[in-house]
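Following: one structure in structure tokens, then a few remarks.
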Ligand code: NAP
Ligand code: GDD
């Protein structure tokens, strides 16, 4: 039985990757931050009490800002594969929390790589996946591929560039098996509610049912290459199964504006978004990334990865469960319960 360790297991991608690896009969270990509220909701469908026999998912308290915890977890879990997904992953928030973002995204990766150096020092072998981002291309002209120079436009993106180069340097300097995945935006019904796609599907479905009146957004002209998270985590695993480590762009190759996403989601809901969407400058970024469109020819040829879910299918896949959620909220509200609209002003 192979063992995998996932940092960021409670996030969108971490939860999809954990499911994917469990289905492949891996023993899966995940690093979870201590929080005063539950942060393991996305793992609920696969979590089993550790007292039960046959459990293949194990969670460990740790943090990528705490090198000692990473070393302890490596010793306890003894993984064959490590997926470094932990991040303060919100681009706009990275302007508010620049130092913290660098500490988690850039130095956090370095801490994990240093822990890995110790872990392999007695001859153990491990393969390492680094979660790179299309944000690293920033202002570079599309289509972007592995040879496109990085031009980061936020503290988050600059930190991901640093992490990318740390990973590449550790591969060359110490002969470690490390792959950088450069993933373009990928979404799902589990997407955090402050990212634009989920913010739109949550709000429009609530508006449809009369639970909310307005949706405040920033720049509608930005273009993104949006894929489905379930397809993208598969690419992470495929990279680590190759004979030699390498870096790969993972993207659908199609780009759409925020406005197009809004149009399609609104037409599925039957809502006229022009009546309810308003601009709020707090959602604009000091420096924006205008146009991302990936060229994943290398991954398609070398690791035989390709996306399965189209843009239109993705939008529908996100609207439908949010409509169901809104119906549940409406039922509660009609029964006299207070339905709280959580934190949408933050992203
Ligand atoms: P996400 O939903 O924001 O999840 C981030 C994960 O990192 C969460 O589990 C979070 O824990 C954890 N985390 C944050 N700070 C941490 C710390 N100090 N120590 C340990 N864990 C910490 O992000 P995602 O969409 O799944 O993305 C996964 C990775 O891919 C991230 O590195 C992201 O930057 C990168 N990426 C994402 C995309 C995309 O479109 N989704 C594209 C390219 C690259 P909590 O649950 O406790 O907050
Ligand atoms: N979040 C947000 N909220 N974005 C908005 C809003 C809003 O109200 N209005 C417009 N946007 C625009 C942003 O300005 C950006 O151009 C675009 O919508 C997408 O924003 P996000 O959904 O926040 O994602 P992102 O592209 O900035 O970053 C995501 O993808 C990266 C990969 O390219 C994150 O998942 C990053 O972690 C990831 O690396």
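The values are calculated or read from the model by the stated rules, or taken from the named source; none is laboratory data. Worth saying up front: this structure is predicted, and the values here are computed from it rather than measured. Here Cβ is always computed from backbone atoms with ideal geometry, including for glycine, and neighbour counts include all displayed protein chains.
To keep it simple, each residue is scored yes or no on (1) on the phi > 0 side of the Ramachandran plot; (2) more than 16 Å from ligand 2 (Cβ to nearest atom); (3) buried (at least 21 other Cβ atoms within 10 Å of the Cβ).
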| position | (1), (2), (3) |
| --- | --- |
| 59 | no, yes, no |
| 86 | no, no, yes |
| 99 | no, yes, no |
| 116 | no, yes, yes |
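State all residues of the stretch 13-54 that are under 21 Å from the mean Cα position of the chain (by Cα) and more than 24 Å from residue 227 (Cβ to Cβ); if no residue qualifies, say none.
Residues satisfying the conditions are 29, 31, 32, 33, 34, 35, 37, 38, 39, 40, 44, 47.
Of the residues 154, 133, 94, which is buried (at least 16 other Cβ atoms within 10 Å of the Cβ) and in contact with a strand residue (DSSP E or B) (Cβ under 9 Å, 6 or more places away or on another chain)?
Every option except 133 fails the conditions.
For residues that are part of a loop (DSSP other than H, G, I, E, B) and within 20 Å of residue 35 (Cβ to Cβ), tally how many sit in the stretch 48-72.
Qualifying residue count for the region: 7.
Looking at the stretch 148-168, can you tell me whether even one residue there is farther than 18 Å from residue 106 by Cβ and within 16 Å of ligand 1 (Cβ to nearest atom)?
yes
Which of the residues belonging to the stretch 274-305 are exposed (fewer than 13 other Cβ atoms within 10 Å of the Cβ) and more than 16 Å from ligand 2 (Cβ to nearest atom)?
275, 301, 304 - these are the residues of the stretch 274-305 that are exposed (fewer than 13 other Cβ atoms within 10 Å of the Cβ) and more than 16 Å from ligand 2 (Cβ to nearest atom).
Any residue that is within 16 Å of ligand 1 (Cβ to nearest atom) and assigned to a helix (DSSP H, G or I) - is there at least one of those in the stretch 267-274?
Start the filter on the stretch 267-274 by keeping residues that are within 16 Å of ligand 1 (Cβ to nearest atom), which leaves none.
No, the stretch 267-274 has no match at all.
Taking residue 183, is it near ligand 2 (Cβ under 8 Å from one of its atoms) and farther than 21 Å from residue 136 by Cβ? Spell out how you get there, then give the answer.
Working: near ligand 2 (Cβ under 8 Å from one of its atoms): yes; farther than 21 Å from residue 136 by Cβ: no.
Spelling it out, it is not the case that residue 183 is near ligand 2 (Cβ under 8 Å from one of its atoms) and farther than 21 Å from residue 136 by Cβ.
If the Cβ limit is 9 Å and pairs must be 6+ apart or interchain, which residue in the stretch 276-287 that is under 11 Å from residue 92 (Cβ atoms) pairs with which residue that is away from ligand 1 (no atom under 16 Å from the Cβ) and at pLDDT below 95?
Correct list of pairs: 282/345.
This table checks each residue for (1) assigned to a strand (DSSP E or B); (2) away from ligand 2 (no atom under 15 Å from the Cβ); (3) without any contact (Cβ under 8 Å) to a residue 40 or more places away in the chain.
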| site | (1), (2), (3) |
| --- | --- |
| 213 | no, yes, no |
| 216 | yes, no, no |
| 221 | no, no, no |
| 231 | no, no, no |
| 236 | no, no, no |
| 246 | no, yes, no |
| 249 | yes, no, no |
| 252 | no, no, no |
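Working carefully through the options 259, 316, find the one that is more than 16 Å from ligand 1 (Cβ to nearest atom), part of a helix (DSSP H, G or I) and in contact with a helix residue (DSSP H, G or I) (Cβ under 7 Å, 6 or more places away or on another chain).
Numbers: 259 fails: in contact with a helix residue (DSSP H, G or I) (Cβ under 7 Å, 6 or more places away or on another chain).
None of the others qualify; the one that does is 316.
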